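Undergrad: This is the structure I have questions about; it appears just below.
The values are calculated or read from the model by the stated rules, or taken from the named source; none is laboratory data. Treat the numbers as computed from the prediction; the structure is a model and nothing was measured. Positions of Cβ are backbone-derived with ideal geometry, glycine not excepted, and every protein chain shown enters the neighbour counts.
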Amino acid sequence: MAQTNVDATNVGVGKPKVGGAVFIAPVGSKLPTDASSPLDPAFKCIGYISEDGITFTEERDSAELVAWGGDTVSSSQTSYKENVSFTPIETRPEVAKMEYGDDNVEVEAGKMHIKHTSAPLPEKALVCETVPNEKTVTRYVVERAKLTEKGDLALNDSDPLARECTFAALPGADGVTVHEYHAITGLTAE
């Protein structure tokens, strides 16, 4: 007989971890391999994220093989990509360096100068942390995140001074785009 039990305590939402939920580091930094170990000091918190949170988008394209007579007899995956999007809403050096590159941000006591240039941005390591419910902590680790798109910056009376940032999650050394780790109280091994 099929297992039919359900547990509402396994249901959760993508709440941010207290103290910061998005961290960025240079590629090659020591990556976490679980949901709860302390992050390497190379990872810097980028501060508050807009109320829209973080969005992971996966796309798989495929081509169908159609036989004489019109039957679809096979489908072959032709591409795969994953993106991570969020809008940092704090004005701070870590965000500026993420959006414009380390070499384009100068910080002095009480001052920050950001240079907008066409220079390609370096890949970064990215970690996103959430607390879906009271018994789970989830960590998403992207070994190679490349900023591919920035949204518009609206200067008005109601919107934060922020741009949505979209990163391509590129395959890491192991071919994985995103590692998703969960620490779940009470979970037993199968």
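Undergrad: Does region 44-60 contain any residue that is among the small types (Gly, Ala, Ser) and surrounded by fewer than 12 Cβ atoms within 10 Å (Cβ to Cβ)? Talk me through it step by step, then tell me what you get.
TA: Here is the first cut: in region 44-60, the residues among the small types (Gly, Ala, Ser) are 47, 50, 53.
Subset that is surrounded by fewer than 12 Cβ atoms within 10 Å (Cβ to Cβ): none.
There is no residue in region 44-60 that is among the small types (Gly, Ala, Ser) and surrounded by fewer than 12 Cβ atoms within 10 Å (Cβ to Cβ).
Undergrad: Filter region 132-166 down to the residues that are aliphatic (A, V, I, L, M) and surrounded by 18 or more Cβ atoms within 10 Å (Cβ to Cβ), then identify the one that is farthest from residue 85 (Cα to Cα). Full working, then the answer.
TA: Here is the first cut: in region 132-166, the ones aliphatic (A, V, I, L, M) are 137, 141-142, 145, 147, 153-155, 161-162.
With the extra rule that they be surrounded by 18 or more Cβ atoms within 10 Å (Cβ to Cβ), the set shrinks to 137, 141-142, 145, 147, 162.
Details: 137: 20, 141: 14, 142: 12, 145: 11, 147: 9, 162: 13 Å.
Among those that are aliphatic (A, V, I, L, M) and surrounded by 18 or more Cβ atoms within 10 Å (Cβ to Cβ), it is 137.
Undergrad: Then there's this: Picking from 99, 108, which residue would you name as being modelled with pLDDT of 95 or more and loosely packed, with under 14 Cβ neighbours inside 10 Å? Show your work before the answer.
TA: On the way: 99 fails: loosely packed, with under 14 Cβ neighbours inside 10 Å.
Residue meeting the stated conditions: 108.
Undergrad: Check residue 7 against each of (1) charged (D, E, K, R); (2) closer than 28 Å to residue 153 by Cβ; (3) without any contact (Cβ under 8 Å) to a residue 12 or more places away in the chain and name the one condition it does not meet.
TA: (2)
Undergrad: Now for a different question. Is one or more of the residues making up region 55-72 in a strand (DSSP E or B), closer than 18 Å to residue 168 by Cβ and of a type in the set (A, V, I, L, M, F, W, C)?
TA: Residues of region 55-72 in a strand (DSSP E or B): 55-66, 72.
Next, from what is left, pick out any that are closer than 18 Å to residue 168 by Cβ: 55-61.
With the extra rule that they be of a type in the set (A, V, I, L, M, F, W, C), the set shrinks to 56.
Checked region 55-72: at least one residue is in a strand (DSSP E or B), closer than 18 Å to residue 168 by Cβ and of a type in the set (A, V, I, L, M, F, W, C).
Undergrad: Before we move on, is residue 66 hydrophobic (A, V, I, L, M, F, W, C), more than 21 Å from residue 155 (Cβ to Cβ) and touching a Leu at 6+ places or on another chain (Cβ under 9 Å)?
TA: Judged against the criteria, residue 66 is not a match.
Undergrad: List every residue pair whose Cβ atoms lie under 6 Å apart, where the two residues are 6 or more positions apart in sequence or sit on different chains, the first residue falls within region 70-81 and is on the phi < 0 side of the Ramachandran plot, and the second residue, located anywhere, is charged (D, E, K, R) and assigned to a strand (DSSP E or B).
TA: Every condition considered, the pairs that remain are 72/64; 75/64; 77/60; 78/61; 79/61; 80/60; 81/59.
Undergrad: Which ones in region 167-190 are under 19 Å from residue 16 (Cα atoms), crowded, with 17+ Cβ neighbours inside 10 Å and β-branched (Val, Ile, Thr)?
TA: Passing the criteria: only 178.
Undergrad: Also, I was wondering about something else. Go through (1) over 22 Å from residue 139 (Cα atoms); (2) exposed (fewer than 10 other Cβ atoms within 10 Å of the Cβ) for residue 18 and report which single condition fails.
TA: For residue 18, the exception is condition (1).
Undergrad: I've got another one for you. What's the total number of residues in region 88-105 that are farther than 19 Å from residue 162 by Cα and not in a helix (DSSP H, G or I)?
TA: First, the residues of region 88-105 that are farther than 19 Å from residue 162 by Cα: 103.
Restricting the remaining residues to those that are not in a helix (DSSP H, G or I) gives none.
Count: 0.
Undergrad: If you don't mind, there's one more thing I want to ask. Return the residues of region 139-165 that are over 13 Å from residue 99 (Cβ atoms) and either of a type in the set (Val, Ile, Thr) or touching a helix residue (DSSP H, G or I) at 6+ places or on another chain (Cβ under 6 Å) (or both); say none if nothing qualifies.
TA: Answer for region 139-165, where residues must be over 13 Å from residue 99 (Cβ atoms) and either of a type in the set (Val, Ile, Thr) or touching a helix residue (DSSP H, G or I) at 6+ places or on another chain (Cβ under 6 Å) (or both): 141, 142.
Undergrad: A further question on this structure: Which one of 166, 91 is out of contact with any Ser or Thr (no Cβ under 6 Å at 6 or more places or on another chain), farther than 30 Å from residue 9 by Cα and of a type in the set (Val, Ile, Thr)?
TA: Numbers: 166 fails: out of contact with any Ser or Thr (no Cβ under 6 Å at 6 or more places or on another chain).
Every option except 91 fails the conditions.
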